[in-house]
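Everything on this sheet refers to the single structure shown next.
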Amino acid sequence: MYTLPSLTAQKSVRSIAILTSGGDAPGMNPAIRGVVRAALHQGIEVFGINRGYSGLISDDMAPMSSSSVSNIVQRGGTILKSDRCEAFKKPDVRASAAEILRARGIDALVVIGGDGSLTGAHLLQQETGIEVIGLPGTIDNDIFGTDDTIGFDTAVNTALEAIDRIRDTASSHERHFLVEVMGRASGFIAIHVGMAAGAEMILVPERAIEIERISEELAAARRAGTGSSGIIVVAEGPEPGLTYRLAQQLKEHGQDPRVCILGHIQRGGSPTGHDRVLATCMGAMAVSYLGAGYSDIMVGVRDGQILDVPLEDIIRFRKGLDPTLLELALQVHR
Ligand code: ATP
């Protein structure tokens, strides 16, 4: 369970809006539920905006009631739908979005999404004065200032379940499988999935991939009778097709691995208990932060403590994999 900050109500908030943006993440629904229920409890009206910033700039929103969020805590995806909206990157479009919110008498906007979505929220606040609170909703866990993001735990567990199945086939056919998980810039998912799945190797963007070494190790394990099959977890990396290229290179070195790309399977599915609790706490705290006069912040969690992180910091700083964790994982999984 989390330790929550003690906040004092300072400000009268009458009406807020909420949207989900960027790639969907399991746990967005419990986060929406947390915001809506906490706001209604405090007498605050809530508008649900459909399809992220696209819905905001086209004024596609409707009031939400307690029953709008009934029976959604266990559902993956987002009942508000999500989108990527290039137009929102333009200042004049953000100015008209602020006018739409003002015309409806909406005091503040809660944005659930990844670092791109939170960048949009920060710019909206800076340029127009609309109060914003962000929630980290992304399976990637790559947002600065928070140990955890809504959806990460579910994505890791989903990948894990898939790998446990792939291992049966790998073992029966005495093969190695390269299993690609999400992670363009970082190996957060790969390290966690690889450790939990007992992968033979984990390949992440933070470390150069040495084909000859990998091939030699696979061959040595086969000769020693200790590794006729196994799982190599690969973070997708910045350029598409990495895992197929690796498989081809390993073939050229005498190996014959199979490839399995988990892809969008990792995004869907019912959120884990962990993600439901995290999302609910963060959602309800977003409303408390607004009432306490905070704005232009993201609700994060560090060492089990829910806290506020300036959105500016999220944009300015990059979250890296803990080098000690990386070292430890690579000691155990090569
Ligand atoms: P994820 O990485 O988990 O998919 P994300 O929120 O980082 O989530 P993006 O595609 O980067 O996903 O951003 C989602 C949306 O946020 C964009 O389509 C755009 O509407 C808005 N956005 C992103 N970057 C900016 C920016 N620099 N300025 C304004 N809006 C932005």
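Brief remarks follow.
- Some residue of the stretch 154-162 being assigned to a helix (DSSP H, G or I) and of a type in the set (D, E): yes
- So T149, is it among the polar types (S, T, N, Q), near the ligand (Cβ under 9 Å from one of its atoms) and open to solvent by 20 Å² or more (accessible area, probe 1.4 Å): no
- Of the residues making up the stretch 159-191, not one is among the polar types (S, T, N, Q) and surrounded by 23 or more Cβ atoms within 10 Å (Cβ to Cβ).
- The single condition among (1) under 32 Å from the mean Cα position of the chain (by Cα); (2) outside any loop (DSSP other than H, G, I, E, B); (3) surrounded by fewer than 24 Cβ atoms within 10 Å (Cβ to Cβ) that R222 does not satisfy is (1).
- Hey, G22 out of contact with any helix residue (DSSP H, G or I) (no Cβ under 9 Å at 6 or more places or on another chain), within 13 Å of the ligand (Cβ to nearest atom), open to solvent by less than 50 Å² (accessible area, probe 1.4 Å) and at pLDDT 95 or above or not: no
- Filter pass, D296 being more than 19 Å from A38 (Cα to Cα), modelled with pLDDT of 95 or more and open to solvent by 10 Å² or more (accessible area, probe 1.4 Å): yes
- Sub-7 Å Cβ pairs linking a first residue in the stretch 236-260 that is part of a loop (DSSP other than H, G, I, E, B) to a second residue that is acidic (D, E) and open to solvent by less than 100 Å² (accessible area, probe 1.4 Å), at least 6 apart or interchain, are E236/E180, ordered by first then second residue.
- Residues in the stretch 293-313 that are outside any strand (DSSP E or B) and not hydroxyl-bearing (S, T, Y): G293, D296, D303, G304, L311, E312, D313.
- With respect to (1) in the same structural domain as R37 (by TED's automatic domain parsing); (2) closer than 30 Å to G77 by Cβ; (3) not aliphatic (A, V, I, L, M), the lone exception for G293 is condition (2).
- Residues located in the stretch 192-208, provided they are closer than 14 Å to L246 by Cα and open to solvent by less than 60 Å² (accessible area, probe 1.4 Å): M201, I202, L203, V204, P205
- Any strands (runs of 3 or more DSSP E) falling wholly within the stretch 41-139 and containing at least 1 residues that are touching a residue at least 60 places away in the same chain (Cβ under 8 Å) and more than 15 Å from the ligand (Cβ to nearest atom): 108-113, 131-136
- M64 falls short of the stated requirement of being modelled with pLDDT under 95 and of a type outside the set (G, A, S).
The values are calculated or read from the model by the stated rules, or taken from the named source; none is laboratory data. Just so it is clear, the structure is predicted and the values come from calculations on it, not from any experiment. Positions of Cβ are generated from backbone atoms using ideal geometry, with glycine treated the same way; all protein chains shown enter the neighbour counts. In case anyone asks, the SASA skips ligands and DNA or RNA and just uses the protein heavy atoms, side chains included. Shrake-Rupley method; radii C 1.70, N 1.55, O 1.52, S 1.80 Å.
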